[in-house]
1. Could you grab me the full set of residues in the stretch B:46-74 that are open to solvent by less than 30 Å² (accessible area, probe 1.4 Å) and under 20 Å from B:Glu118 (Cβ atoms)?
2. Within the stretch A:75-84, which residues are open to solvent by 10 Å² or more (accessible area, probe 1.4 Å) and either away from chain B (no Cβ under 13 Å) or in contact with a helix residue (DSSP H, G or I) (Cβ under 7 Å, 6 or more places away or on another chain) (or both)?
3. When the stretch A:130-167 is examined, which residues are found to be over 30 Å from A:Met226 (Cα atoms) and open to solvent by 20 Å² or more (accessible area, probe 1.4 Å)?
4. For the stretch B:238-254, indicate whether the set of residues that are touching a Phe, Trp or Tyr at 6+ places or on another chain (Cβ under 6 Å) and more than 7 Å from every other protein chain (Cβ to nearest Cβ) is non-empty.
5. Could you say whether any residue in the stretch A:491-505 is in contact (Cβ under 8 Å) with a residue 12 or more places away in the chain, surrounded by 11 or more Cβ atoms within 10 Å (Cβ to Cβ), in contact with a Gly (Cβ under 7 Å, 6 or more places away or on another chain) and not assigned by TED's automatic domain parsing to the domain that holds A:Pro237?
6. Of all residues in the stretch A:90-108 being within 14 Å of another protein chain (Cβ to nearest Cβ) and open to solvent by less than 20 Å² (accessible area, probe 1.4 Å), which is farthest from A:Ser166 (Cα to Cα)?
7. Looking only at the stretch A:27-42, count how many residues are open to solvent by 30 Å² or more (accessible area, probe 1.4 Å) and either in a loop (DSSP other than H, G, I, E, B) or under 16 Å from A:Gly143 (Cα atoms) (or both).
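The values are calculated or read from the model by the stated rules, or taken from the named source; none is laboratory data. Keep in mind the model is a prediction, meaning the values are calculated, not measured. Methodologically, a virtual Cβ is constructed for each residue, glycine included, from the backbone with ideal geometry; neighbour enumeration extends over all protein chains shown. Keep in mind that these areas ignore ligands, DNA and RNA; they rest on the heavy atoms of the full protein, side chains included. Shrake-Rupley method; radii C 1.70, N 1.55, O 1.52, S 1.80 Å.
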Amino acid sequence: MKKSERIAGNVAGYLDDRTGAAKWLRKNLTKVFPDHWSFMLGEIVLYSFIILLLSGTFLTFWFDPSQRDVIYQGSYEPLKNIEMSASYASTLHISFDVRGGLLMRQIHHWAALIFMAGMIAHLMRVFFTGAFRKPREANWLIGVGLVTLGIVEGFLGYSLPDDLLSGTGIRIAEAIIQALPVVGSYLAFFAFGGAFPGHVFIPRIFTVHVLLLPGIFLALITIHLMLVWYQKHTQYPGPGRTEKNVVGYPLMPIYMAKAGGFFFIVFGVTALLGAVASINPIWLYGPYNPGQISAGSQPDFYMGWLDGLVRMAPPIETHAFGHTISWNILIPGLIIPGILFTGMALYPFIESWMTGDKREHHLLDRPRNNPNRTALGAMSLAFILVVLINGGNDIIATHFALTINQIMWFTRIGVLVIPPLTFVITKRICLSLQRADREKVLHGRETGRLVMLPHGEFIEVHEELTPAEKFTLTQHEQLAALEVPASDSNGVLNPQGLKGKLRARFSQAHVEQVPAPTESEAKALEGGHH
Amino acid sequence: MNSGIKKLSRYRRHRFARPALLVVALISMGATFQVASALPSTTRMETTAQSTLIEEGKRIFAQGCSSCHGLNAEGSSIAPSLIGVGAASVDFQVGTGRMPMADMSQQAMRKTPIYNAEQTAALAAYVASLAPGPDAINEAQLTYERDGNTAEGGELFRTNCAMCHNFAGQGGALTQGKYAPTLMGVDAKHIYEAMITGPQSMPVFSDKTITPEEKLSIIKWIKAAEKEPNLGGASLGRVGPVTEGLLVWTFGLGLLIGIAVWLTVKAR
C-alpha cells in the first residue's frame, strides 16, 4: 500500500468512526440513474438556479433598492443630470462603473430566462411521458409551484431596476391587482403604500426577490430532489427495464462526472450569452416615469402569454353598487391563468380518475402511446403559443409588415379554433404513429431496396426489427375503457349517475388506440411473408 | 473766392444755366438712385429666379404629383390638398423619398428620393407659393451639436416620441398597418421638419409645445442613440424582450439540449 493510500484510508476511517457515513455513502454513491437527454432538462434548471444565486449575490453588493430621487452623475453621458430613482442609478452604476458588472447583470438575466425555459421544457417532458403518475403526484405539484413562483420571481427581478420598461410592467401588475372585484383598489394601495408608483414598492419586492422567494425555491427544490432520490428516477421502457428496477449508470463516478461537467457547460453557455448578447439594456429605456411609455413594451417571454391575453380581451366593464368590474383585465389577467394553472396542478388526479388507473408507474409512456394526454398537452401549448404571438403583436407587425389588427383578430379567433384543432390533429398523428409501429413490428422496416424475383415480381425488402426493438415497440400496456354497469346488484339503473357516464366517456376517449401487435399475430405472419 | 462766386453769379441768368442745372440735378438724382437701389435691384433679380423656381416646381408638380394631388394641388379623393402645407412638408415628404408614393399602401415609406435637391427645392417653392406654411429647415438652423443637450433630449424623446417610435427610436407599430418609422439614419433636417409638419399619423409639435431649442436637443439625442455602440453585445434589434426570448429558446436552450443529447449518446 502506498503512503498516500494509507493516509487517505486513515482519514476515511477517522471520519467513519465518528459519523458512520460509510454505509450511507456506499448506498447512495452507487445509486443508479437512467441515461437520457430529456432527463437532463431538470439539471439545466438546477444549474441555472445556482448561477442565479451566485450572480444575484454579486449584484446585491452594489444594487440600492430604493426609490429615493437622485441626480445621475455616473459615466453614461446620455443620462447625465437626469433625475431618477436610486435603484435605477445603482443599476446604471453596476452596468458602467463596476468592473464586470454589466457581464454579471447579463449573465443573471440570461440565466433567469434559461431557468424559466428549462423549467417549461422539463415540465413538458414530465407531462408528455406521464412521469407525474403515482407515486409522483406530489413532485408534480411542487413542480407546478416552482413554475408559478418562477414567473413571479422573474417578473420581480426585471422590475427592480426601475427603468421605463419595468415600470410599465409594474403598472400593468397594479392594474391586474386593481381588477380584483371589491378588494382590488385596497390591495393595490396596500402593495404600493398609497398611490402608484409611490416610494415603497421597489424596496418591498427586493426583499421578496432576494430573500423570500429564493428561500422557498431552495426548500422546494430540495424536497423535489429528495423525492426523486427516494422514489427513484423513472425510465423509458426497453428490454430489461421494469416497474421494479432502474437501469442506468451509478452516481459515482459516471453520473457525478456527467452532471458536474454539465453544470460547467450550462454556466459556460450562460456566460457566453451574457458576453455576446445584450439583454435588458436599461440605459436605453431610461428611468421610469409614469408619464412615459415606449412603443413595443413587452414583458419577458414567460409573462408574454399573459400580456397577449390581456391585449386580446375586448373592452368590457360593468358598473354595479359603486364598483367597476373590468372584465377585460379580470378574465385574461386572473381567471384564465387561474384555470390553466389549477388544471395543470390537478391533471395527475384528473387522469387517474378518467382512466381508473391507481397503480404505481415507474416506466414512462412514449407520448404516442397515450394519444389523449399528448393531444391535451399539445392543445395547451397551442393555446399558450397563440396568446404569446399576440403578446408580441406590435413587434411582429413591424418586422413582418403585417397590421396589428390582423394579428389581433387572427389570435382572437385562433385562440378558440387552433387549440381544439391541435388536439384532434395531434391525436390523429399519435394514432398513425402507433399504426406505423405496428406495421414495423409485423412487417419490418422498409429499406427502400427493391429486388426483382426470378419470376419477375418486384418486392421491397423489409428488414426485420431486432427483438429488443420489437419489445420496446410492443411492451406498453393498453388500458381498456371503463365500463359503467347499467344497473347495480339491487337493480338500480345507472348507479353512478351522470358522473359515471361522463367518466366512462372520458375513459373511452382516453384509451382510443391502435391495438399493439400480439405474439400470435406476429407468428401468423412468419413464413407467410410475401 | 468772393470773386469766384461773383463770376458764377454773373452767369446765373445765362441761357444755358437752367439746362446745365437740370443735367447736374438729373445726374445727382441718378447717382443717388443708383446707390440706393443697389440692393433692391438684386432682390428683383432673385425674385425673377424665385419665379423661375416656382415655374420649374409647377412643371415638376404637374408631371409627378398632380395625378393624385390635383393640377393646382387642390387634392383629390386619394390625396390631400397641399395648399398651405408649406415648404417644410414638401422638403420632408419628397426629400425622404416618401413622395411620390410607390404604391397606394397604408403609409408612404422612406425610400431613395426620386427628385434631387434642386428639384425638391423647386417643388417646395411651388407649394409654398400657393399659401403660407412652415418653411423648409436649412442647415444653418440645425445647430444641435452646439445648442442641444443630449440628456434633456432623451427625456423629451421618452415623453413625446418613444410611445410610437420605441425607446431607442427603432420605430413601432400603429393601428391598421400604419407604423412609426425608425429614426435611425434620418437627416437631422428631416427630423426637424417632421416635428413641425406632422407627416401622416404623426402629430404636429409646434414651437409652443416643444421649443426650437428642445427640438435640437431631441435631434442631438437621436443622433447620439444612432452612434451609440451596443454596449451589452449584439443589440437583438433594440426592441426589448421578444428577441431575447427567441434567442434563449433557440440558441440557449437549443444548444444545451444539443449538448445533453451528446452527453447521453450511447458509447460505441
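1. Taking the stretch B:46-74 as the starting set, the residues that turn out to be open to solvent by less than 30 Å² (accessible area, probe 1.4 Å) are B:57, B:60-61, B:64-66, B:69-70, B:73.
B:Gly57, B:Ile60, B:Phe61, B:Gly64, B:Cys65, B:Ser66, B:Ala73 - these are the residues of the stretch B:46-74 that are open to solvent by less than 30 Å² (accessible area, probe 1.4 Å) and under 20 Å from B:Glu118 (Cβ atoms).
2. At the first step, the residues of the stretch A:75-84 found to be open to solvent by 10 Å² or more (accessible area, probe 1.4 Å) are A:75-78, A:80-83.
Within the stretch A:75-84, A:Ser75, A:Tyr76, A:Glu77, A:Pro78, A:Lys80, A:Asn81, A:Ile82 meet the criteria.
3. Initial filter on the stretch A:130-167 (over 30 Å from A:Met226 (Cα atoms)): A:158-167.
Of everything in the stretch A:130-167, those that are over 30 Å from A:Met226 (Cα atoms) and open to solvent by 20 Å² or more (accessible area, probe 1.4 Å) turn out to be A:Tyr158, A:Leu165.
4. To start, the set of residues in the stretch B:238-254 that are touching a Phe, Trp or Tyr at 6+ places or on another chain (Cβ under 6 Å) comprises B:245.
Add one more test, that the residue is more than 7 Å from every other protein chain (Cβ to nearest Cβ), and what stays is none.
No: zero hits.
5. Going through the stretch A:491-505, the residues in contact (Cβ under 8 Å) with a residue 12 or more places away in the chain turn out to be A:496, A:500-501, A:503-504.
Going one step further and asking which of them are surrounded by 11 or more Cβ atoms within 10 Å (Cβ to Cβ), we end up with A:496, A:500-501, A:503-504.
Now drop any that are not in contact with a Gly (Cβ under 7 Å, 6 or more places away or on another chain), which leaves none.
No: the stretch A:491-505 contains no residue that is in contact (Cβ under 8 Å) with a residue 12 or more places away in the chain, surrounded by 11 or more Cβ atoms within 10 Å (Cβ to Cβ), in contact with a Gly (Cβ under 7 Å, 6 or more places away or on another chain) and not assigned by TED's automatic domain parsing to the domain that holds A:Pro237.
6. Only one residue fits best here, namely A:Val98.
7. Of the residues in that region, 4 qualify.
Condition check ((1) of a type in the set (A, V, I, L, M); (2) surrounded by 19 or more Cβ atoms within 10 Å (Cβ to Cβ); (3) within 14 Å of another protein chain (Cβ to nearest Cβ)) across all residues:
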{"position": "B:Ser76", "(1), (2), (3)": "no, no, no"}
{"position": "B:Leu82", "(1), (2), (3)": "yes, yes, no"}
{"position": "B:Ser89", "(1), (2), (3)": "no, yes, no"}
{"position": "B:Gly95", "(1), (2), (3)": "no, yes, no"}
{"position": "B:Gln107", "(1), (2), (3)": "no, no, yes"}
{"position": "B:Ser129", "(1), (2), (3)": "no, no, no"}
{"position": "B:Pro134", "(1), (2), (3)": "no, yes, no"}
{"position": "B:Leu142", "(1), (2), (3)": "yes, yes, no"}
{"position": "B:Asp147", "(1), (2), (3)": "no, no, no"}
